[in-house]
Amino acid sequence: MKISSTILLNFLFLLVVSCSSSAKDVSGDSSLENIEESSLIDECLEDCSNSGFSLLDDDTPEMEESNSVFQIKGLGCNSLQYGTGFFVEENIVVTSAHVVAGVNSPEIFYNGIGFDLDFISFDPNSDLAILRSENFLRKPLRLGEAKKGESGTVVAYVKDGKKIVSEIKIREKILAVGKDIFGQPGESREALSLEAKIESGFSGAPVINSDSEVIGVVFSRSRGGESTAYAVQSSEVEKILKEEVDISSSTSCIPLIN
């Protein structure tokens, strides 16, 4: 698999109640942003015509793949944590590790009802967590490989449980290097640079291509005015699904930034 560039993640801290930012850089001078709950969603509720977002309601036709994507929430070390997850097997869910880090009883939500999830694997380096749902099953999504320049769709949930569909474009495949979600030295991971607008709750959301395949999992965005986000490539999901079960760090807390 060709990796076109490298970004340095000085401290890959992702705000656990949102999808937050890593660094955007190829020179080593990385930047950091926590995505706070901004006014963009409120503005979008009034006018989504030019935002790249589509807020779904009961009268809006949904893409079939979105039926396998749900909100994930749980009480973490310091606050309520929330994000998005999707099924890769009828009872196996993928989300971002920082969404469920330190959460004793994560839940997946459907129509306001929470269903228990159990940890299978947790990788703070790739920022991926694999969980099992015993009482709530859904059709799994297929994994695929991203292509530079192709367009796709992100399906995600914001804090209030609203489903958002956002159009994205793959800028390039990258190799993300730096620290893991706990601030410890980490190994490189295969990632994607996206032209996308993402908000709180997008962490763990699948990036879906035109073939209805998941090609990435959203984990961060760049700070500043750029509409740049980052996703872990599906190859990292395939790796953790095949690796030996390890949930040893799932109870650890994300360090707070003052």
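The values are calculated or read from the model by the stated rules, or taken from the named source; none is laboratory data. Quick caveat, the model's predicted, so the values are computed rather than measured. Using ideal geometry, Cβ is built from the backbone for each residue, glycine included, and neighbour counts are taken over all protein chains shown.
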Top-ranked residue in the stretch 93-125 [being free of Cβ contacts under 8 Å to residues at least 24 places away in the same chain and within 24 Å of Val207 (Cα to Cα); ranked as surrounded by the fewest Cβ atoms within 10 Å (Cβ to Cβ)]: Asn111
Of Ser193, Ser203, the only residue that is closer than 24 Å to Ile92 by Cβ, at pLDDT 95 or above and among the polar types (S, T, N, Q) is Ser203
Could you pull out every one of the strands (runs of 3 or more DSSP E) wholly within the stretch 163-229 that has 3 or more residues that are farther than 28 Å from Lys73 by Cβ and among the hydrophobic types (A, V, I, L, M, F, W, C)? 163-178
Restrict the check to the stretch 82-99 and report whether at least one residue is at pLDDT below 95 and either hydroxyl-bearing (Ser, Thr, Tyr) or over 28 Å from Asp211 (Cα atoms) (or both). no
Flagged in the stretch 85-101 as within 12 Å of the chain's Cα centre (by Cα) and either among the acidic types (Asp, Glu) or outside any strand (DSSP E or B) (or both), in numbering order, are Ser96, Ala97, His98, Val99, Val100
Search result, residues across the stretch 129-159 that are touching a helix residue (DSSP H, G or I) at 6+ places or on another chain (Cβ under 9 Å) and in a loop (DSSP other than H, G, I, E, B): Arg138, Lys139, Pro140, Leu141, Gly144, Glu145, Ala146, Val158, Lys159
Only one of (1) more than 15 Å from the chain's Cα centre (by Cα); (2) small (Gly, Ala, Ser); (3) assigned by TED's automatic domain parsing to the domain that holds Phe86; (4) crowded, with 22+ Cβ neighbours inside 10 Å is not met by Ala146, so which one is it? (3)
Only one of Leu80, Leu75 is within 21 Å of Thr251 (Cα to Cα), within 19 Å of the chain's Cα centre (by Cα), surrounded by fewer than 14 Cβ atoms within 10 Å (Cβ to Cβ) and not assigned by TED's automatic domain parsing to the domain that holds Thr153; which? Leu80
